[in-house]
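The values are calculated or read from the model by the stated rules, or taken from the named source; none is laboratory data. It should be emphasised that the depicted structure is a prediction, and the values quoted were computed from it without experimental measurement. All Cβ positions, glycine included, derive from the backbone under ideal geometry; neighbour counts span all protein chains shown. Ligands, DNA and RNA are stripped out before the accessible areas are found, and what is left, the full protein with its side chains, is counted by its heavy atoms. Shrake-Rupley method; radii C 1.70, N 1.55, O 1.52, S 1.80 Å.
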Amino acid sequence: QVHVVESGGGLVQAGGSLRLSCAASGRTFGRYAMGWFRQAPGKEREFVAAISRSGLDIKYADSVKGRFTISRDNVKNTVFLQMNGLKPEDSAVYYCAAGASSARYTETYDYWGQGTQVTVSS
């Protein structure tokens, strides 16, 4: 059982930056791969980025590649998503999830946070 809580969302101008944090409870955080997903109104929840247990395998959606960076701190039980060069189309609720592998599919992840809103103005 893993409890996941996202934070760091907010309102930012296009071209700006935000850093999202995802805190997980327990002492087994290092056993889980972590992923970031997002969902905009009227859209399916889509993959953003994922990182393996060791941090050695990292994946990004094509839409965020080169702009977003995922990282993790297994001592602090936290995963981060640094978002630079934000675009209005990045606006969505961002969800953090824990799962067995750093895959691109929601089905891979067992535990989900409540989401944090990111709004990018033009």
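What relative contact order, as a whole-number percentage, does the chain give when Cα pairs under 8 Å and 6 or more residues apart are counted? Here the relative contact order equals 36 percent. When the solvent-accessible area of the range 1-68 is split by element, carbon and sulfur atoms take up 47 percent of it, the probe being 1.4 Å.
3J(HN,Hα) along the range 12-24: 9, 6, 3, x, x, 9, 9, 10, 8, 10, 9, 9, 10 Hz, from the Karplus curve 6.51 cos²θ - 1.76 cosθ + 1.60 with θ = phi - 60°, whole Hz, x for Gly and Pro. Distant-in-sequence amide contacts of Ala49, defined by a placed amide H-H separation under 5 Å and a gap of 5 or more residues or a different chain, comprise Trp36, Ala61. Under 5 Å from the amide H of Leu86 lie the amide H atoms of Gly15, Gly16, each residue being 5 or more positions distant or on a separate chain, with H modelled from the backbone and absent for Pro and chain starts.
Computed over the Cα atoms of the range 1-52, pair by distinct pair, the Kirkwood hydrodynamic radius stands at 13.1 angstrom.
Straight-line reach from Lys87: taking Cα to Cα under 12 Å and skipping same-chain neighbours fewer than 8 places apart, no aspartates and glutamates fall in range.
Note on the range 75-122: Cα Rg divided by 2.2 N^0.38 Å, N the number of residues, gives 1.33.
Is the C-alpha gyration tensor of the chain telling us rounded, prolate or oblate? Criteria: a/c under 1.5 is rounded; beyond that, a/b larger than b/c is prolate, otherwise oblate.
Details: a/c = 1.67, a/b = 1.64, b/c = 1.02.
Because a/c hits 1.5 or more and a/b exceeds b/c, the chain counts as prolate.
In the chain, the sites counted are trypsin sites (Lys or Arg not before Pro) in DSSP loop states with at most 16 other Cβ atoms within 10 Å, and the longest stretch holding none of them, exclusive of the sites, is 77-103.
What percent does the relative contact order of the range 1-69 come to when contacts are Cα pairs within less than 8 Å and at least six residues apart? Display every interim value, and only then the final one.
Working: 79 pairs, mean separation 14.2, N = 69.
Across the range 1-69, relative contact order equals 21 percent.
Accessible surface computed residue by residue for the range 31-83, with neighbouring protein chains in place and a 1.4 Å probe, gives 54 Å² per residue.
In the range 1-90, which GluC sites (Glu not before Pro) are in a loop and have at most 15 other Cβ atoms within 10 Å, using DSSP for the loop call?
Within the range 1-90, the qualifying GluC sites (Glu not before Pro) (loop, at most 15 other Cβ atoms within 10 Å) are Glu44.
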